[in-house]
Amino acid sequence: MGCVAEIRVRVDGDLGVCVELLRDVHEVAGYPVNWPADARKWLTPEDGLGCWVAVSDGRVVGHVALTVNGADGVSVERLFVDPKATRAGIGRQLLDHSVKTAAELDRKLSLEVVANRGAAERLYRRAGWLETGRTPIDWAGDQASELIHFEAPTERQGSPYPTKWAEDGIRTGQ
């Protein structure tokens, strides 16, 4: 069953709640693989273009950040959803918001996920994201051995995004 959450810019007052939520996600789902030394700083990447939260019934239930990736790219980072709110469509809403934001910036969008994240990988594939490669990793211990690289779908690849946004007058950069 889907839930419609409000996606809004993360404000300083959200950071403590986001750290608590990240701790819950880490304990339940193992994300991030390695707990950061400073979770507040980790949630605000230095090369960030912005951070957003999903709010449902007045509480933060998800988070996403976008970072610069080369001259014409943007990466989805720090995407997570409250374990009590998974499978409600919130992850997809945050992902869709990321795609829309990248399109408005006229930049290509990508993301990486460790190969042991079945639910996340399924979300990206169901949303039409294309796997572009895999890279061996050694920083995840026995948790994972590969990083999967994905790119957001384009109109030529049957993306649901450009058509919907074209109706709203939003450029897709394609």
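The values are calculated or read from the model by the stated rules, or taken from the named source; none is laboratory data. Source: prediction; values computed, not measured. For neighbour counting, all protein chains shown are included, and Cβ atoms are generated from backbone atoms with ideal geometry for every residue, glycine included.
Points worth noting:
- Test: residue in the stretch 81-93 that is in contact with a His (Cβ under 9 Å, 6 or more places away or on another chain) and at pLDDT 95 or above: yes
- Selection of the stretch 83-92 for residues being within 13 Å of residue 60 (Cβ to Cβ) and under 13 Å from the mean Cα position of the chain (by Cα) yields only 90.
- Under the condition of being under 23 Å from residue 21 (Cα atoms), among the polar types (S, T, N, Q) and under 14 Å from the mean Cα position of the chain (by Cα), the residues counted in the stretch 93-118 number 2.
- Residue match in the stretch 37-58 (condition: in a helix (DSSP H, G or I), surrounded by fewer than 19 Cβ atoms within 10 Å (Cβ to Cβ) and in contact with a helix residue (DSSP H, G or I) (Cβ under 7 Å, 6 or more places away or on another chain)): yes
- Here 4, 11, 33 are screened, and the one residue that is closer than 18 Å to residue 116 by Cβ and surrounded by fewer than 16 Cβ atoms within 10 Å (Cβ to Cβ) is 33.
- The stretch 60-84 - residue that is surrounded by fewer than 20 Cβ atoms within 10 Å (Cβ to Cβ) and small (Gly, Ala, Ser) and, of those, nearest to residue 8 (Cα to Cα): 73
- Annotation note: Cβ proximity below 8 Å between a residue of the stretch 5-34 that is without any contact (Cβ under 8 Å) to a residue 40 or more places away in the chain and a residue that is of a type in the set (A, V, I, L, M) and assigned to a loop (DSSP other than H, G, I, E, B) (sequence gap 6+ or interchain) occurs for 15/43; 19/43.
- Hits in the stretch 2-17 (condition: in contact with a strand residue (DSSP E or B) (Cβ under 6 Å, 6 or more places away or on another chain), modelled with pLDDT of 95 or more and assigned to a loop (DSSP other than H, G, I, E, B)): 10
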